[in-house]
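Inspection log for the structure reproduced underneath, given as structure tokens.
Read the figures in this text as sums done on the coordinates, not as results from a lab. All values derive from a computational prediction rather than experimental measurement. Note: ideal-geometry Cβ built from the backbone for every residue, glycine included; neighbour counts use all protein chains shown.
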Amino acid sequence: MILAFMRVGKPILMLGVLAVSLGWSLGLITLTVGHLSIFSVMFISIVVGIGIDYGIYFLFRYEEEIFLGRNLREALQLTAARTGPGMAIGALTAGGTFFVLMLTDFRGIQELGFIAGTSILLAWLSMMTLFPAVLVLVDRRHADRPRGQKPRAHQLERIHVPVLDQLTSYPAAVLVVVVIATALSIWALPSSSAIAPKLSVATRVTVPEAEAEAYDAPCAASASVSHDHPTSARAGSVIISRSISARA
């Protein structure tokens, strides 16, 4: 981000806003779920990877409006009006993909779906509310447009991306390369099954002890039970190991 924006301050502030949204998420988790499992704790990396995108979209559009000669208030209003709906649809789509995990029967995956989906929506909310407020504080020099300054829209016409210009100059060549790469990938699929005549898969699933008692291990599974922290408030966890041999 520092290389993209050619500055340090605003990208750092963006990460700070994202950290605040993570704090909101942890507070909500405490009130609803009450704990983090080995599955749901992964929501942090998910939110950092997806949630930061909303700040990048907002900041890029805001910088573009400032470049065009808008003052601070106009730039923020236009950014929210023109970029906000697209960001909202993206956040709802990303959050919805995780909320679907709540339809599974495994409790750890259910919690991950709820926590990750909610955290993504909170990340979007922070970028649409807290981040603009931060920009108002740090970009006060753009509060008023200097007298006599005209919008520089015509300068945007001279902005080019060399790599994109090259790709769009040869659309047929790009299409041929994509078709060849796709055909080779499809051709390699049948041969991949002959790599290993036998596949041994070991799965280790950590489940609450109450659920482990009702767990019906298929495929003649061999289970080994180990209790973690037996003195804790919860009953602990049971680790079930299963080895499956499959013939090609």
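Give me Val163, Val136 ranked fewest to most by other Cβ atoms within 10 Å of their Cβ, as a rough exposure proxy. Walk me through the numbers before you get to the answer.
Working: Val163 8, Val136 14.
If I rank by nearby Cβ atoms, fewest first, I get Val163, Val136.
Would you mind calculating the gained length between Met102 and Val163 on full extension (0.36 nm times residue separation, minus the Cα-Cα distance), in nm to one decimal?
On the way: separation 61, 0.36 × 61 = 21.96 nm, distance 4.19 nm.
Full extension of this stretch gives 17.8 nm more.
Counting other beta carbons within 10 Å of each residue's own, what order do Tyr54, Tyr62, Tyr170 fall into, fewest first?
Working: Tyr54 28, Tyr62 24, Tyr170 11.
Ordered by Cβ neighbours within 10 Å, fewest first: Tyr170, Tyr62, Tyr54.
Can you sort Val176, Val134, Val17 by how many other beta carbons sit within 10 Å, fewest first?
Values: Val176 11, Val134 15, Val17 23.
Lowest to highest Cβ neighbour count: Val176, Val134, Val17.
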